[in-house]
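Take this structure first; my questions come after.
The values are calculated or read from the model by the stated rules, or taken from the named source; none is laboratory data. In this text the structure is predicted, and so the values were computed from the model without any measurement. Glycine gets a Cβ as well: all are built from the backbone with ideal geometry, and neighbour counts include every protein chain shown.
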Amino acid sequence: MKFYLDLFSGETLPGKFNLAINWIKANTVKGKGIKITSQRPNNELYPEVTGYFIPSLLNWGERDLALQNGRWLLSIQNPDGSWSDPTGETSYTFDTGQILKGLLALAEDHPEFQEPIIHGCDWILAQIEENGRVTTPDASSWVLPNNRVVPEAIHLYSLQPLKEAGVRWGNNKYCEAVEKALAYYLKMEELTEFNTLSHFHAYIIEALIDLGCTELAEASMEIIAKYQNKRGAVPAYPDVKWVCSTGLFQYALIWYKLGNTDRADRAFKYACRLQNKTGGFYGSYGFGANYFPKEEISWAVKYFLDSFFWKVKSSFNNEVASFSESIDETDGRYQLIAKIVDREGLKKILDIGCGKGRYITKLKSRKPQIEAYGVDISEQMLKNLPEDIMGIQGSLLNMPFKDKSFDLGYCVEALEHAVNVPGAIREMCRLIKDAGTLIIIDKNKEKHGKLKLSDWEQWYSEGQILELLRNEGFKVEVYRNVPYDNKDGTDGLFLAWVAKKAGL
């Protein structure tokens, strides 16, 4: 897309995102998975990273690549249900757990993954001893430079998929094993001590959050906060001055999950500065750095994407109070949507990026017979929806609905936050039934500078969105000068694209 070229400089967050996505695609072997590093040959692929990349790719609208990764992983699963390291010689519990995370993210829409997931879970179950300790067939490679080691407790990061599979398919043995293993590691006095590489330490802390031990995670991050400098950096180890890129993004992610936005933003901003012109990240930076200091590692890009996703999500969770719960019936944006609902007699409607539901609530009141849904990235926003509207958590890039689910979808002042705009357009169009309608109402790029923007927000011209919608096979009508907030719209701030999908 021509209009994306100005974002590839890496000077903006959308630019950094696009560089990162391009790095992933350049370092993923067609029909297979992702390389260990950009400097390695194409036959040195990393199953573990390929697996836990899948939820990240889905969150950012890369469905096809996520599915490719998942199907390749099925093709290399060992007969006993495990997955091996990049050499293909040794099965690892940790690696198998990360792959299961990815396959579980695909299983809802692709039943082919269920049986391999269960096979993998059964294998992990067999690695958990009676006392709860999680073992692995071989840990001889878990050695870091200067005689430092990878802590066994990172196996906590492999338990969440076992628990999820147990809940989803009613296997109590999985859930009981997770509780037993968690209890075993919680007895360790040094469980959360910062005595290993930040990357591995962060695995343990994030696992505690995912497994419900939030208070312990918070206490652990209070210690990490003491190491964070004014610029946002946290050292790779307590006794060094260099940083681990992945560890920084992981700490940012954890702080976002815990609601400590200030520290998260500082860590994220510092780590983003490390991005190379290629879009990748070396494993470590600074004098004395010894964790892949000259290789761009694939997992650093994964945690850039994850922490960026949570940065956006946290922003909306934190700003719920500033969002309006109502819209005036005379507002031009509402009127445009309401007229289409009235004219076409639509039955099933989705408000995409619904916030507190001010549009869908009024439409439901106007047309009680419609089946009304709202989707938003913020679970805090969704709490404001009335009971007769089905609220679903999801982003513009990853909505948990089947193809062709809705007669009408509309997106008002949300596309500007999507970052991956072509991906968001694809995802919205996917949900519209044949002969259905998609409405996008957003700000005009020509008026950029009129309002203060978040650091990932983007506005678009009439032609940019028009091109994307037409590429998806929609016929589009554009409305200019849409009235809003008691203004007549002649300032040209808002544009509306009404896109009709071809019928059968």
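Can you say whether F304 is buried (at least 18 other Cβ atoms within 10 Å of the Cβ) and more than 19 Å from N22 (Cα to Cα), as far as the supplied structure shows?
Working: buried (at least 18 other Cβ atoms within 10 Å of the Cβ): yes; more than 19 Å from N22 (Cα to Cα): no.
When the stated conditions are applied, F304 does not pass them.
So that you can scan it fast, the table gives a plain yes or no per residue for (1) among the acidic types (D, E); (2) farther than 22 Å from Y46 by Cβ; (3) in contact with a His (Cβ under 8 Å, 6 or more places away or on another chain):
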| position | (1), (2), (3) |
| --- | --- |
| S220 | no, yes, no |
| Q250 | no, no, yes |
| L258 | no, yes, no |
| Y270 | no, yes, no |
| Y285 | no, no, no |
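Can I ask one more? Return the pairs, sorted by first residue and then second, in which the second residue is assigned to a helix (DSSP H, G or I) and surrounded by fewer than 23 Cβ atoms within 10 Å (Cβ to Cβ), the first residue lies in segment 103-114 and is basic (K, R), the beta carbons are less than 9 Å apart, and the residues are 6+ apart or on different chains.
Qualifying pairs under 9 Å: none.
OK, next. Can you tell me which residue within segment 1-25, out of those that are assigned to a loop (DSSP other than H, G, I, E, B) and either of a type outside the set (D, E, K, R) or in contact with a Leu (Cβ under 6 Å, 6 or more places away or on another chain) (or both), is modelled with the lowest pLDDT?
Looking only at segment 1-25, we keep the residues that are assigned to a loop (DSSP other than H, G, I, E, B), and these are 1, 8-12.
From the residues that got through so far, the ones that are either of a type outside the set (D, E, K, R) or in contact with a Leu (Cβ under 6 Å, 6 or more places away or on another chain) (or both) too are 1, 8-10, 12.
Numbers: M1: 37, F8: 41, S9: 49, G10: 63, T12: 92.
By that ranking, first place goes to M1.
If K32 passes every condition in (1) within 24 Å of T93 (Cα to Cα); (2) modelled with pLDDT under 95; (3) touching a Leu at 6+ places or on another chain (Cβ under 7 Å) but one, which one does it miss?
It fails just one condition, (2).
Here's another thing I want to ask about it. In the set N276, N229, which member is of a type in the set (S, T, N, Q), more than 24 Å from E319 (Cα to Cα) and in contact with a strand residue (DSSP E or B) (Cβ under 9 Å, 6 or more places away or on another chain)?
Values: N229 fails: in contact with a strand residue (DSSP E or B) (Cβ under 9 Å, 6 or more places away or on another chain).
Answer to the selection: N276.
If you scan segment 80-95, which residues turn out to be within 13 Å of C121 (Cα to Cα) and not acidic (D, E)?
Start the filter on segment 80-95 by keeping residues that are within 13 Å of C121 (Cα to Cα), which leaves 80-83, 92-95.
The answer is G81, S82, W83, Y92, T93, F94.
Could you please find all residues in segment 154-190 being surrounded by 23 or more Cβ atoms within 10 Å (Cβ to Cβ), out of contact with any Lys or Arg (no Cβ under 8 Å at 6 or more places or on another chain) and small (G, A, S)?
Across segment 154-190, the qualifying residues are S158, A165, A177.
Per-residue answers, yes or no, for (1) touching a residue at least 12 places away in the same chain (Cβ under 8 Å); (2) of a type in the set (A, V, I, L, M); (3) under 23 Å from A26 (Cβ atoms):
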residue	(1), (2), (3)
K226	no, no, no
G232	yes, no, no
S245	yes, no, yes
F249	yes, no, yes
I254	yes, yes, no
N276	yes, no, yes
I297	yes, yes, yes
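Scan (1) in contact with a helix residue (DSSP H, G or I) (Cβ under 8 Å, 6 or more places away or on another chain); (2) closer than 26 Å to K25 by Cβ; (3) assigned to a loop (DSSP other than H, G, I, E, B) for the single condition L100 breaks and write down its number.
For L100, the exception is condition (3).
Just the residues that are of a type in the set (A, V, I, L, M, F, W, C) and either part of a loop (DSSP other than H, G, I, E, B) or in contact with a Leu (Cβ under 8 Å, 6 or more places away or on another chain) (or both), please, taken from segment 137-174.
The answer is A139, W142, L144, V150, A153, L156, L159, L162, A165.
Here is a follow-up. What are the pairs with Cβ atoms under 7 angstrom where one residue, in segment 45-67, is on the phi > 0 side of the Ramachandran plot and the other, located anywhere, is buried (at least 24 other Cβ atoms within 10 Å of the Cβ) and in a helix (DSSP H, G or I)? Sequence gap at least six, or different chains.
The qualifying pairs are G61/A424.
Now for a separate question. Restricting the search to segment 349-367, which residues are at pLDDT below 95 and either assigned to a loop (DSSP other than H, G, I, E, B) or among the acidic types (D, E) (or both)?
K367
This table checks each residue for (1) closer than 21 Å to I254 by Cα; (2) crowded, with 22+ Cβ neighbours inside 10 Å.
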residue	(1), (2)
D265	yes, no
K269	yes, no
L274	yes, no
K277	no, no
G283	yes, yes
G288	no, no
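Just one of V29, V49 is crowded, with 21+ Cβ neighbours inside 10 Å, under 16 Å from W299 (Cα atoms) and of a type in the set (A, V, I, L, M); which is it?
Matching residue, one of V29, V49: V49.
Show the residue pairs meeting these rules: Cβ distance below 6 Å; 6+ apart or different chains; first residue within segment 193-204 and in contact (Cβ under 8 Å) with a residue 24 or more places away in the chain; second residue small (G, A, S) and part of a helix (DSSP H, G or I).
Close Cβ pairs satisfying both conditions: S198/G247; H199/G247; A202/G247; I204/A153.
Which residue pairs have Cβ atoms closer than 8 Å, lie 6 or more positions apart in sequence or on different chains, and pair a first residue in segment 305-317 that is touching a residue at least 12 places away in the same chain (Cβ under 8 Å) and within 14 Å of E62 (Cβ to Cβ) with a second residue that is charged (D, E, K, R) and crowded, with 22+ Cβ neighbours inside 10 Å?
Taking only residues 6 or more apart or on different chains, not a single pair turns up.
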